[in-house]
Each structure stands twice: as C-alpha cells, then as structure tokens.
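The values are calculated or read from the model by the stated rules, or taken from the named source; none is laboratory data. Treat the numbers as computed from the prediction; the structure is a model and nothing was measured. Ideal geometry is used to build each Cβ from the backbone, glycine not excepted, and the neighbour counts take in all protein chains shown.
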Amino acid sequence: MATAINRAKLKSLRLREEQQFLASHPNSAALYARAKNSLLGGVPMNWMKKWPGPFPVFVAHAKGAHFTDVDNHDYIDLCLGDTGAMTGHSPEIVAEAVAQRARQGITTMLPSEDALWVGEDLQKRFGLPFWQFTLTATDANRFAIRIAREITQRSKILVFNYCYHGTVDETIATLEKETVVPRRGNIGPPVNPAETTRIVEFNDLHAFEAALKHNDVACVLAEPAMTNVGIILPDQDYWPAARELCRRYGSLFLADETHTICAGPGGCTAEWQLDPDILVFGKAIGSGIPGATFGLSDEVAQRISARIQLELRRRRNRRHAGRQRAQSGGHARHPRAPPHAGVFRPDDSAGPQFQRRRSRRNKKTQPPVARNAIGSAGRIHIHAVHTPQWARIRSRQRLRTGTLSPPVHTEPQYPPHAIP
C-alpha cells in the first residue's frame, strides 16, 4: 500500500533549509542584492537563477574539482561548468598557455601557428581532415547546419526529442501529439520550428527512417549519447544502422560531442567509430574559455568549397554584366535602388563626353583603392570603390584641416534609404 507524501512536512523542511542557507551565505546575499541593480535578474546569465535557494552562491575561486564561494565554503563541483571545465578548473598548463597568449595578443583577425598545431592534433584525434573555430558550440552547430543546407540544398534538420545543442533555434523544440512545437522556455522563436525541424525519439530506427524518407533533411544533428534528460546510451548497433540510413537518404550526420567528448581523447567519435560528416564540440577545447570547433570530412569540405567557388563565379559574372550594361548606356544598379544609385551620377550621360570623363577619372584613381592616400600639405585624397554612387566621396574632395577628422560641412550626405 502506497504511503501519502506529507506535504506539510516537506514545506517545513524546505523553510528550515532556506533559513540555514540565508544565515550561512550573507556575502552571496549582499552581492545578489547589489547585482540586481546592474544585471538582468541579478545574474550574468538568466539560467543561473535556477539553482535551489533564493539566490545563487557567488564564486571566489575554483581549482581542480573544487570551488570556494565568497562566504568561504568549499564545494566539490560535479557540474564543472556544464562540462566546459571537465578536465578541472584552471589546470596550470592551461593557465600558463592562456597568460602567454594574452601577452602576445588575443585577437588579430589573422591566423597564428598555434591554429595549425591545434588543427593537426584534431585530425589525429577524430579522423576528420579539416577544421574551423568558433566562440561557442552553439555557433559551431549553426555554421555546420548552414554548410549542410548549402551543399544538400535542403531546408530541414533532424534532432532527437529533448536533445541539447546549446541555443540553436531549430533544436529548442519537442513533439506534441506527433507535431513539432516550441519547447517550454523557448522565448521568441524566430519561426515555427515545424518549418525547420523534424524530431524523433532516440533509439527508434523506424521513426528515424520515416523522417528521412521526406528527402528534405539536410543533416541529422545528434549527441552520440543523449545528455539532457539524464544519460541515454544508444542501443547496440544503433549508430551503424542510423549512419547507413543517413547515407541512403542523402542527409549528413553531424555529431555534437560537446558533452560526450569525455568518452576519451577522440570522444565517442573515436571510441564508437561513428564516422560523422561533421563533428562539433565546445568549451572543453579551452578548459572552459569561450571557444569551440567543428571538423569536416573530406567530402563535405570539397562540396562546400565547390559551392563557394560557384557563388564567386556568379558574382564575377554579375559584375561583368553590370560593367557591360554601363558601357552600353544601361543602368547597372539594383532594381529597388534609387535612380541615382549605381554606375552613373545623375548628371552623367552615355555620350562621348561621359566616356572621356570616365577615362580621365580612371587614370587618376589607379590603383583602385587610393592614389596618394596622404597628399601634400597633409591633404587627404579619398577614393572609395565598389560602392553605390551616392555613397562615394568624390575623389577630388580634400580635407583641408590638419587632422584626420573631417569638418562637419565636408561629411557626405546620404539619402534616407541608404541608412541601414
């Protein structure tokens, strides 16, 4: 015979624990009260309010598998930054490497030799030949999904019910009476996820194949083992069969190893020989520092490179067609652009006089970016190229001040529709 839960006793126990928590965490309580004046909800990220208790504990420092709060309580950390610090908080070798990189420059928008070393090591660990880097696993997943959509020319992705892939919009969805709907807590979804996503239950191969039969799934985005609703391991031979179905129906297999990389040096990908087309994992690559990576198979790399080259050829062809129209008296501009936006100024014509003027201008403005960027007596000559005519600063306009800041009366005036 089942025993009824004593709700009154539960309430009194919770009240007792909350009072003890308040009494033993005065400094965290004070910081939380202060934080509500500058941080939305009193926390840097909204999910930090979901811990038990009236406020989160504030951390003073963390090392290894422990952290200490501002009230000097020591904790064994079983979360480890949601696996971002799965190798422990601030290993010495990582702290030294980060400090050295910070002293040498953090962001330059150019590659360094370190990137090559990391890419080569990732090749050895996971077997995928080509790699790119992002700031979060969410971003890596988004890039990977875009690549999959581009090379397959398909619109949807397939995920498993109650998966976790960061804040990728297409994945924050669930099944309700066999219909894809936004998951509870999905704030402001950009579109109905039913338009972008197919969802099946994990380990159900029949449902998996039925979803792929629509031939509109660009990729299957999956954790090798589900980690968002407890740990759900795949059935024996599930992934070899699912992988074969992906190949049969032309959908890419995208393995998100952000959590499951703890399976070994090559994650589940190496341990279970998953052979994904694309692989993603997140902050564990930098011991919790914002960073992530995604790797591509040789086939995927070739296919996306071919698509990019095709688009570049299309752009060159469009530019060439625009030049041809301009030379023949046409008006090379976007069909919705204003009449004066394009190759010609409003006072230009296609006659011989215009051709002579254009020839003189071309001689003066070669090479195309700038001729004599800094002129005599501090005068500055500005030549903007590949921009609509209303956005150009006339090449002979000079800033006669002695500084780089133009006087107010020389700033170009843009039409209202030109402001983004």
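Do we have Leu135 as touching a residue at least 40 places away in the same chain (Cβ under 8 Å), in the same structural domain as Trp272 (by TED's automatic domain parsing) and either of a type in the set (Val, Ile, Thr) or touching a Pro at 6+ places or on another chain (Cβ under 6 Å) (or both) here? For Leu135, the condition - touching a residue at least 40 places away in the same chain (Cβ under 8 Å), in the same structural domain as Trp272 (by TED's automatic domain parsing) and either of a type in the set (Val, Ile, Thr) or touching a Pro at 6+ places or on another chain (Cβ under 6 Å) (or both) - is met.
May I ask you to list the residues in the stretch 220-237 that are within 15 Å of Leu158 (Cα to Cα) and charged (D, E, K, R)? Glu223 - this is the single residue of the stretch 220-237 that is within 15 Å of Leu158 (Cα to Cα) and charged (D, E, K, R). Residue count for the stretch 133-182 satisfying the condition of being closer than 18 Å to Ala211 by Cβ, surrounded by 18 or more Cβ atoms within 10 Å (Cβ to Cβ) and among the charged types (D, E, K, R): 3.
Taking (1) under 22 Å from the mean Cα position of the chain (by Cα); (2) crowded, with 18+ Cβ neighbours inside 10 Å in turn, Leu274 satisfies each apart from (1).
Considering Arg319, Arg307, which residue is over 28 Å from Phe133 (Cα atoms) and in a helix (DSSP H, G or I)?
Arg319
Looking at Gly88, Gly41, Gly119, can you tell me which residue is in the same structural domain as Pro276 (by TED's automatic domain parsing) and small (Gly, Ala, Ser)? Among Gly88, Gly41, Gly119, only Gly119 is in the same structural domain as Pro276 (by TED's automatic domain parsing) and small (Gly, Ala, Ser). Can you spot a residue in the stretch 104-116 that is buried (at least 17 other Cβ atoms within 10 Å of the Cβ), small (Gly, Ala, Ser) and out of contact with any Gly (no Cβ under 6 Å at 6 or more places or on another chain)? Checked the stretch 104-116: no residue is buried (at least 17 other Cβ atoms within 10 Å of the Cβ), small (Gly, Ala, Ser) and out of contact with any Gly (no Cβ under 6 Å at 6 or more places or on another chain).
Condition first: modelled with pLDDT of 95 or more and aromatic (Phe, Trp, Tyr). Now tell me which residues in the stretch 22-49 satisfy that. Hit for the stretch 22-49 is Tyr32, nothing else. Considering the stretch 178-291, the qualifying strands (runs of 3 or more DSSP E), each wholly inside and each with 1 or more residues that are touching a residue at least 40 places away in the same chain (Cβ under 8 Å), within 19 Å of His165 (Cα to Cα) and out of contact with any His (no Cβ under 9 Å at 6 or more places or on another chain), run over 197-200, 217-222, 252-256, 278-281.
In the set Val59, Val98, which member is of a type in the set (A, V, I, L, M, F, W, C), surrounded by 12 or more Cβ atoms within 10 Å (Cβ to Cβ) and modelled with pLDDT of 95 or more?
Values: Val98 fails: modelled with pLDDT of 95 or more.
That would be Val59, the only listed residue that is of a type in the set (A, V, I, L, M, F, W, C), surrounded by 12 or more Cβ atoms within 10 Å (Cβ to Cβ) and modelled with pLDDT of 95 or more.
Residue by residue through the stretch 53-96, note down the ones that are in a strand (DSSP E or B), within 25 Å of Tyr32 (Cβ to Cβ) and among the small types (Gly, Ala, Ser). Those that are in a strand (DSSP E or B), within 25 Å of Tyr32 (Cβ to Cβ) and among the small types (Gly, Ala, Ser): Ala60, Ala62. The set of residues from the stretch 192-244 being in contact with a Ser or Thr (Cβ under 8 Å, 6 or more places away or on another chain) and among the hydrophobic types (A, V, I, L, M, F, W, C) comprises Ala194, Ile199, Leu212, Val217, Ala218, Cys219, Val220, Leu221, Ala225.
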